[in-house]
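For reference, the structure discussed in these notes is given below.
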Amino acid sequence: MAGRIAKWNDARITGLNPSLSLPARAIVRIVRSDKSGTTEGCTRYLSEVSPEFKNDVGIGQLPNWPGW
């Protein structure tokens, strides 16, 4: 979301998945362009656990995705 992890083999991901060999490939964000109740549920959860997400993206069926 915030773009701080750019590749799949970032140490923060591999540290959580020590048994996997992850590629040094760019992470590509894909978002829905239409309204979705699933997206609202996901953004609601992420907003509860991350004040930064709540501030930057918010809660909604069609949230304010950065760079979108």
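Each reported figure results from applying straightforward, stated rules to the coordinates on display, with no laboratory input. Computed from a predicted model, the values in this text were never measured in an experiment. Positions of Cβ are generated from backbone atoms using ideal geometry, with glycine treated the same way; all protein chains shown enter the neighbour counts.
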Inset, instruction - May I ask for the equivalent-ellipsoid semi-axes of segment 15-68, computed as the square root of five times each C-alpha gyration tensor eigenvalue and listed largest first in whole Å? - result: 25, 15, 11
Legend entry - Angle in degrees between helix 37-49 and the longest Cα principal axis of the chain, rounded to the nearest 10: 70
Inset, instruction - Give, as a single signed number, the net charge of other residues whose beta carbon lies under 13 Å from the beta carbon of L62, with Lys and Arg counted +1 and Asp and Glu -1. - result: 0
Legend entry - Dipole moment magnitude, nearest 20 debye, the chain about Cα centre, only Lys, Arg, Asp, Glu C-beta charged: 200
